[in-house]
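Right, one structure below, let's go through it.
Only the coordinates and a few stated rules stand behind these numbers; no lab work does. Because the structure is predicted, anything quoted here is derived from the model rather than measured. Glycine also receives a Cβ, built like all others from the backbone with ideal geometry; neighbour counts cover every protein chain displayed.
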């Protein structure tokens, strides 16, 4: 059985001009978080209630009352702009070995964009702003 799941929503209609920055020097747009447990390699898909994309490398997944932060090992171009992704899996889990695809909207239609690898799922508590 092959499942196609769409997570994340919305596209920002913004245009920006900025100097190119190295992945390691670009600050994350994700809220500060404190690690509260051991990293996991997989999350059960049916327990993920929400995902939130912050930038080209950072996605938070909500599973029950816990938040798991996934920091992609490499930048995923346009992920932070589109704030949406899709993936295909034949398993009931989303794992650090899986590939996600940026989901972009072109002429009002969703379209699969670039492919990016996931990192580990680290349980975190988001710091209050």
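For the stretch 31-126, rounded, prolate or oblate, judged on the Cα gyration tensor with a ≥ b ≥ c (square roots of eigenvalues), a/c < 1.5 rounded, else prolate if a/b > b/c?
It comes out prolate by the Cα gyration axes.
Going by average Cβ density within 10 Å per residue, which order do the peptides 32-41, 85-94 take, highest to lowest?
The packing order, highest mean first, is 85-94, 32-41.
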